[in-house]
1. Taking the simple approach of a point 7 Å from Cα along Cα-to-Cβ for both Asp280 and Lys224, what is their distance in nm?
2. So how far apart, in nm, are the two label points at Asp313 and Arg252 if each is 7 Å from Cα heading toward Cβ?
3. Would you mind putting 268-274, 99-105, 309-315 in packing order, based on average other-beta-carbon counts within 10 Å, highest first?
4. Relative contact order for segment 235-283: what is it in percent, counting Cα pairs under 8 Å that are at least 6 residues apart?
5. Going by alpha carbons, how many degrees (0 to 90, nearest 10) lie between the helix axis of 188-197 and the longest principal axis of the chain?
6. Using R₀ = 41 Å, calculate the FRET efficiency as 1/(1 + (r/R₀)^6) where r is the Cβ-Cβ separation of Ala105 and Gln57; round to 0.05.
7. Cα to Cα, under 21 Å, and not fewer than 8 places away if on the same chain: which lysines meet these conditions relative to Lys255?
8. Non-local amide H neighbours of Asp155 (under 5 Å, H modeled in plane, Pro and chain starts lacking H): which ones?
Amino acid sequence: MRRTKPGSSRDNEHPTKSRPYCHVIEPQFKMTDHMPCVQLNTGAQMPLLGLGTFRLQGPEETYRTVDAALTAGYRAFDTAAVYRNEAHIGQALSTLLPKHGLSRADVFITSKLSPRDQGSKARDGCLRSLEQLGLDYIDLFLIHWPGTQGLDVKDKRNPDNRAQSWATLEEFHAEGKFRAIGVSNYTVKHMHELLKSCKVVPAVLQVEFHPKLAQKELIALCEKSGVCFQAYSSLGTGVLLSDHLVQVMAERCGKTPAQVLLRWAVQQNIPVLPKSCQPDRVQENGRLFDFELSDSDMAKLSALDCNEKYCWDPSLVL
Ligand SMILES: NC(=O)c1ccc[n+]([C@@H]2O[C@H](COP(=O)([O-])OP(=O)(O)OC[C@H]3O[C@@H](n4cnc5c(N)ncnc54)[C@H](OP(=O)(O)O)[C@@H]3O)[C@@H](O)[C@H]2O)c1
């Protein structure tokens, strides 16, 4: 993985041809050598592109998909206890890293604490993820959800439980078992609460983000606080692939709708985690760093913002 600053794709000084609407950059490096990264507040480099693994089914599909992703140059993998595939991913990586001539240090693994383990069960949850993945350390470990499974969203125990979980993540971070820690699905309110009380500032906030959900307030808060804002469901769980504007733009640029949606995020230095279980789509979703969207196309996509959510809505969690 080439260690680069955010925006390195734009810093590539070797554009060789332009199209009227889309700036094509001839890659100077193999993609594997040229995976742009963002720098976390821990100093670690996190790839701008990772493989989403929610709904990867079973060990064979997981192995095949991780193999395709490593071939296409992906070096980051996003899993979670609730995806029930940590063990499959760990097994796949233990076989595939040597096959691809890679070592543990060449990949960036993210997992997440289940809402079931929030609070007093957090330590067990953290240990279980390490054990399931078969790893000595996890690069990034997130609290998956601000609430606790089994409690009403308005239950007053929710804030105490997530504070206890965060203290546990801080312990694992201090022990070197979690190289970076962060949160997911936190709203501005949850982030303010955490930033006020934490000993370790979260490295990452992972939330739903795409042109129809631009999350401006959260992005501004992250920028101010040194937290890396990371996108999930960049394709709108697949729904946005049939959006008319996205399709027209893709056609004009000679790219696919998925590449346009993902490029819109990475061109803002926002890391993405597209999920596909189809090797050709995994490869397609990885080809993001050899073209640029024009300022005008970036603005047109951003203008689609209408606070549309395709995943869960954490705003009601107390
Ligand atoms: N922290 C959280 O709470 C949270 C929540 C949601 C997601 N995530 C993370 O983010 C990842 C991605 O989000 P997501 O899975 O919700 O949705 P997504 O990546 O926005 O979309 C995935 C869907 O799009 C399809 N797809 C992918 N690439 C395609 C392409 N090039 N052409 C056509 N269809 C394509 C996939 O189908 P096929 O698989 O059949 O190709 C799948 O149905 C997850 O896997 C997970 O790792 C995190």
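1. Each label point lies 7 Å from its Cα, and together they span 4.7 nm.
2. My value for the distance between the label points is 3.3 nm.
3. Details: 268-274: 22.6, 99-105: 11.6, 309-315: 14.0.
The most tightly packed comes first, giving 268-274, 309-315, 99-105.
4. Details: 28 pairs, mean separation 12.3, N = 49.
Reported relative contact order: 25 percent.
5. That helix lies at roughly 50 degrees to the long axis.
6. Working: r = 29 Å, r/R0 = 0.70.
That gives a FRET efficiency of 0.90.
7. Counting by Cα, and skipping residues close in sequence, Lys255 has these lysines nearby: Lys17, Lys30, Lys212, Lys275, Lys300.
8. Leu318
Values in this text are rule-based calculations from the coordinates and carry no lab data. Note that the structure is a prediction, hence the values are computed from the model and not measured. When we count neighbours, we look across all protein chains shown, and the Cβ atoms used for this are built from the backbone with ideal geometry, even at glycine.
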